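The values are calculated or read from the model by the stated rules, or taken from the named source; none is laboratory data. Since we're looking at a predicted model, the values are computed, not measured. With ideal geometry, Cβ positions are generated from the backbone for all residues, glycine too; neighbour counts draw on all protein chains shown. SASA here: full protein model, heavy atoms, side chains in, ligands and nucleic acids out. Shrake-Rupley method; radii C 1.70, N 1.55, O 1.52, S 1.80 Å.
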Amino acid sequence: MGNWSDYALSDFLMFAPDTYFRLYERINADGWPFALVATVGLLIAIGLAARQSGRAASAIHWALAVVWAFVAWAFFYRLYAPINLAAQWFAAGYLVEALALVIAGWTATVQASLRVNPWALALLAYALIVHPLTAAALGRDWAGVELFGLAPDPTALATLAVLLMCTGKAVAVARVIPLLWCVISGLTYAAMDLPYAWVTPAIALLATVGAWWSRRRRLEGFTQ
Amino acid sequence: MHRRRFLATLGASLAALGLPRLAVARPQGILTKAIPTTGEAIPAIGMGTWITFNVGGDPQARAQRVDVLRTFFELGGGMVDSSPMYGSAEAVVGHCLEALGTPQELFSATKVWTSSGEDGPDEIETSRALWGVDRFDLLQVHNLLAWEDHLQTLLEMKAQGRLRYVGVTTSHGRRHGDIEQVMRTQPIDFVQATYNIADREVEQRILPLAAERGIAFIANRPFRRGDLIDHVKRHPLPPWAAEIDCDNWAAFLLKFIVSHPAVTCAIPATSRVDHMRENMDALRGRVPDTAMRERMIDYVRSL
């Protein structure tokens, strides 16, 4: 293959942007009711978990595990893998995250009050509402908006938001793959030469750092 | 100079130089070139499938590619080039060929792309099944990956009549030294490398060697994956482009490539019927001579 430094990021892109964005149109056409159920279910579960903590937090993680497994199959394996040799590895990564969420569910508890983590709440709002609208605002067809439960980016961002609201031994580990996916997604967009490529990874990283900083300040307040 | 007289003169001149000749005998007046090892004439504009035909199972996109390929053949196209590396492109080409009834004009060209020589035959058979052809016209070792083993396989297939032509490829201007070595030492029919009005490194050694050794040359990345044509399209086509019967930038850039005496075929890729029509315009009308080629280079360089 010669010297890898000779290659540009775009040299690894196997498909055209319109082919990639058609994947969202196709997954929406096939499975939009699942996105609706998943979104409403997630919001109800977060509301319940905010009051009851422990058991509901576990249920959220297990429900998210189902969502990740569904995206692994419906989006990555069925639609994306035929046009991207790497997509089968992305599918495997989403299945690993599903397993990590199952494990995290055993130990997860929701933070005492959701208000103490505005970063996570803001990230959740971005994932469920702003991210789909942004795609449409940038000129992509409404039929191809990215929805939680079907598309990988909002699924990863919303999951990261939930994980930032929770504590538990395995919860921190479960944050790794959603963050990693956001970076991969950004690189994919960069390879397609899209000017907003950095948005998803930047928002994910910003929210994570913000939530960490917010929690650290709260803990410092307890110890003083 | 009148078009027909110019082409005849150019062909005679090239014959005198012992270079691959333009063969212009086709009744439609389409620009064809001869494959040096057999003399078989093929249209000088083929079709690449990198990225553009990798659309997976999307029925809407597949139907659009059928239209693109239909237009290609209707306008005199022949060579379709693909690779197992191009994701679903081979499957989509096969779908399109089936929809079109596999036109007789098809010159099927694909590649073998696996690091193991042992895996080559299975991969080739998979490609053949995806295309839905009885045999390939041309098989090439993709980017020289495991080329010693694969060349042996391909040359055996050719000897057995299961393949018509053998070639090797590279792209991005890489591994030209290795390509030269293969061209000097192996009995190959085709070599494929990057050549366009902005990337002309092959003019130094590869193209002269192809002419000297009687090896057909396929020019890939004729538009630099679209960057080149996107750049020039911001500027007006020079009025003197009419002297070579060009009224669009795609034909201008492609005529530059195929007017080189040692180039056999250029393989632009597109997913749009209107762009395919512009590409295929390069098959018709007058061909740039040496002076015109210099003028074209200077103009594009000035943009």
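Assorted remarks:
- Reachable lysines, given that their alpha-carbon falls under 17 Å from the alpha-carbon of B:LYS111 and they are not under 8 places away in the same chain: B:LYS158
- Maximal additional length on extending the A:ARG216-A:ASP18 stretch stands at 67.0 nm, based on 0.36 nm per residue less the C-alpha distance.
- Summed buried accessible surface, chains B and A, 1.4 Å probe, nearest 100 Å²: 1500 Å²
- Cα centroid separation, the range A:65-108 to the range B:224-303: 46 Å.
- Low-density loop cleavage sites - trypsin sites (Lys or Arg not before Pro) in the range B:111-178, where at most 16 other Cβ are within 10 Å (DSSP): B:ARG135, B:ARG162
- Label-point separation in nm, A:LYS169 to B:ASP122, each point 7 Å along Cα→Cβ: 4.3 nm
- Assigned charges on the beta-carbon of Lys, Arg, Asp, Glu; the protein assembly as shown dipole about Cα centre (debye): 1120 debye
- Our coupling estimate for the range B:105-117, obtained by passing each phi through the Karplus curve with A = 6.51, B = -1.76, C = 1.60 and θ = phi - 60°, is 6, 4, 10, 7, 10, 9, 9, 10, 9, 8, 6, 10, x Hz, Gly and Pro reported as x.
- Both radii come from the Cα set of chain B: Rg as radius of gyration, Rh as Kirkwood radius; their ratio Rg/Rh reads 0.94.
- Estimated FRET transfer efficiency (A:THR134, B:ALA99; beta-carbon r; R0 41 Å; 0.05): 0.65
- Membrane-span-like helices in chain A, defined here as complete DSSP H runs extending at least 30 Å along the helix axis by their C-alpha atoms with mean Kyte-Doolittle hydropathy no lower than 1.0, are A:87-107; this is a sequence and geometry rule, not a statement about a membrane.
- Each of B:ALA159, B:PRO187, B:MET85 was placed along the dipole of chain B (beta-carbon charges, centred on the mean Cα), and the one lying farthest toward the positive end is B:PRO187.
- Farthest towards the positive end of the charge dipole of the range B:220-303, among the residues B:ALA241, B:PRO222, B:LEU283, is the Cα of B:PRO222, using unit charges on the Cβ of Lys, Arg, Asp and Glu.
- Net length available on complete extension from A:TRP142 to A:TRP198 is 18.0 nm, with 0.36 nm assigned per residue and the Cα-Cα distance removed.
- Over the protein assembly as shown, dividing the summed -39,500 (n - 2.57) contributions of all DSSP H runs of at least 4 residues by the number of residues returns a 222 nm mean residue ellipticity of -16500 deg cm²/dmol.
- Test item: Cα-centred dipole of the range B:140-288, Lys/Arg +1 and Asp/Glu -1 on Cβ, debye: 140 debye
- Normalised by 2.2 N^0.38 Å, with N the number of residues, the alpha-carbon radius of gyration of the protein assembly as shown equals 1.16.
- Listed by chain and number, the lysines whose C-alpha is less than 24 Å from the C-alpha of A:LYS169, apart from same-chain residues fewer than 8 away, amount to an empty set.
- Antiparallel content of DSSP bridges confined to the protein assembly as shown, in %, to 5: 20 percent
- Here the label points at B:GLN64 and B:GLU180, each 7 Å from Cα along the C-beta direction, are separated by 4.3 nm in the simple model.
- Complex-versus-alone comparison for the range A:10-37, residues with a loss of 30 Å² or more in accessible area, probe 1.4 Å: A:ASP11, A:LEU13, A:MET14, A:THR19, A:ARG22, A:ARG26
- Two-site FRET efficiency, B:LYS233 against A:ALA86, from Cβ-Cβ distance with R₀ of 30 Å, rounded to 0.05: 0.40
- Spatial separation of Cα centroids for the range A:162-197 and the range B:134-189, in angstrom: 42 Å
- Å² per residue, accessible surface of the protein assembly as shown at 1.4 Å: 43 Å²
- Listed residue (A:MET165, A:LEU138, A:LEU79) projecting farthest to the positive dipole end of chain A, Cβ model: A:MET165
- Apportionment of accessible area to carbon and sulfur, chain B, percent (1.4 Å): 47 percent
- Beta bridges per DSSP with both ends in chain B, % antiparallel, nearest 5: 15 percent
- Hydrophobic long helices, here whole DSSP H runs in chain B with Kyte-Doolittle means of at least 0.0 and Cα atoms spread over 20 Å or more along the helix axis, are found at B:3-17.
- Annotation: amide H-H contacts under 5 Å for B:TYR165 (H modelled 1.01 Å from N, sequence separation of 5 or more, or interchain): B:LEU138, B:LEU139.
- Taking one quarter of the surface of the C-alpha convex hull of the range A:144-224 gives a mean projected area of 6.1 nm².
- Straight-line cross-link reach from B:LYS255 at under 17 Å between alpha-carbon atoms covers these lysines, not counting any fewer than eight positions away in the same chain: B:LYS33, B:LYS233.
- A compact globular protein would have a Cα radius of gyration near 2.2 N^0.38 Å; the ratio found for chain A is 1.03.
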